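The values are calculated or read from the model by the stated rules, or taken from the named source; none is laboratory data. Small disclaimer: the values here were computed from a predicted structure and weren't measured. Positions of Cβ are generated from backbone atoms using ideal geometry, with glycine treated the same way; all protein chains shown enter the neighbour counts.
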């Protein structure tokens, strides 16, 4: 089902299913510009925003209010605001903060925790399956 979270063996969020066909599913990795995820920075404020891939290298977190304090090395996780993606899945860590005084929002650049080239086995999380 499109929208489901995809994790590696350590439970780190590596992408999101974008399309499902009869026998295959297409996954957009977190650093893909077509992957948008509701995210939270694990800081004192638990700041929320939207994380989306940027040029296939990093992830940009947008819509962060200017009055929130974001620090380098803060961990970013899924916020749980999307019905198909559980809260608390690690997305990456902040490596840069772009804060302009005349802008309404600030942005954080996030480095994925995993190297996509090292992905061998992934798991699709389906919160709709009965246990």
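Structure above, values below:
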quantity	calculated
Selection status of residue 14, assigned to a strand (DSSP E or B), touching a helix residue (DSSP H, G or I) at 6+ places or on another chain (Cβ under 9 Å) and modelled with pLDDT of 90 or more	yes
Enumeration of residues in region 96-125 that are in a loop (DSSP other than H, G, I, E, B), in contact with a strand residue (DSSP E or B) (Cβ under 9 Å, 6 or more places away or on another chain) and more than 13 Å from residue 29 (Cα to Cα)	99, 100, 104
Residue in region 22-30 that is in a strand (DSSP E or B) and either more than 25 Å from residue 126 (Cα to Cα) or over 14 Å from the mean Cα position of the chain (by Cα) (or both) present	yes
Residue check, residue 33 over 22 Å from residue 75 (Cβ atoms) and part of a strand (DSSP E or B)	no
Selection within region 79-94 - within 14 Å of the chain's Cα centre (by Cα) and assigned to a loop (DSSP other than H, G, I, E, B)	79, 80, 81, 82, 84, 85, 86, 87, 88, 89
Output for region 1-28, where each listed residue is closer than 25 Å to residue 71 by Cβ and in contact with a strand residue (DSSP E or B) (Cβ under 6 Å, 6 or more places away or on another chain)	12, 13, 14
Qualifying residue in region 60-78 (condition: surrounded by fewer than 17 Cβ atoms within 10 Å (Cβ to Cβ), assigned to a strand (DSSP E or B), free of Cβ contacts under 8 Å to residues at least 24 places away in the same chain and in contact with a strand residue (DSSP E or B) (Cβ under 8 Å, 6 or more places away or on another chain))	no
